[in-house]
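First the structure, in the form of structure tokens, and then the observations on it.
Nothing in this text is a laboratory measurement; each read-out follows from the coordinates by a stated rule. These numbers come from a predicted model, not from an experiment. Heads up, the Cβs are rebuilt from the backbone with ideal geometry, glycines too, and the neighbour counts pull from every protein chain shown.
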Amino acid sequence: MNAAIAQHVLHALGQPGGLQSVQVRQLWTDHYRVNVLVGESAVTTRIAHSFFLVADKEGAIVGATPNITRQYEKAAE
């Protein structure tokens, strides 16, 4: 489920340069906190984007705060 949510976030956002990881943490049923981490190394990693999400059973995003908008040209595959 976490991988599906991360994939949906990157598809909507695009893939930032220096992407390190996408952290997905379940807060309670259907509600998640997602952090998109970027940086050239472990020392320079920072949270570039952070969202509170509601996801369905397949990991598709039903709602997001703030709204996820395309920030980068390249979409994650």
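Remarks
- Test: ASP30 is acidic (Asp, Glu), in contact with an Asp or Glu (Cβ under 8 Å, 6 or more places away or on another chain) and at negative phi: no
- Residues satisfying the stated conditions in region 45-63, i.e. touching a residue at least 24 places away in the same chain (Cβ under 8 Å), over 14 Å from GLY14 (Cα atoms) and either out of contact with any Gly (no Cβ under 7 Å at 6 or more places or on another chain) or surrounded by 16 or more Cβ atoms within 10 Å (Cβ to Cβ) (or both): PHE51, PHE52, LEU53, ALA55, ASP56, GLU58, GLY59, ALA60, ILE61, VAL62
- Taken together, the criteria exclude VAL43 from residues that are in a strand (DSSP E or B) and of a type in the set (Val, Ile, Thr).
- Tallying residues that are assigned to a loop (DSSP other than H, G, I, E, B) and either in contact with a strand residue (DSSP E or B) (Cβ under 7 Å, 6 or more places away or on another chain) or under 21 Å from GLN20 (Cβ atoms) (or both) within region 46-63 yields 2.
- Qualifying positions in region 32-44 - over 12 Å from VAL9 (Cα atoms), touching a Lys or Arg at 6+ places or on another chain (Cβ under 7 Å) and not hydrophobic (A, V, I, L, M, F, W, C): GLY39
- Residue match in region 64-72 (condition: surrounded by 13 or more Cβ atoms within 10 Å (Cβ to Cβ) and either free of Cβ contacts under 8 Å to residues at least 12 places away in the same chain or assigned to a strand (DSSP E or B) (or both)): yes
- Looking across region 16-38, the residues that are in a loop (DSSP other than H, G, I, E, B) and either buried (at least 16 other Cβ atoms within 10 Å of the Cβ) or among the β-branched types (Val, Ile, Thr) (or both) come down to PRO16, THR29.
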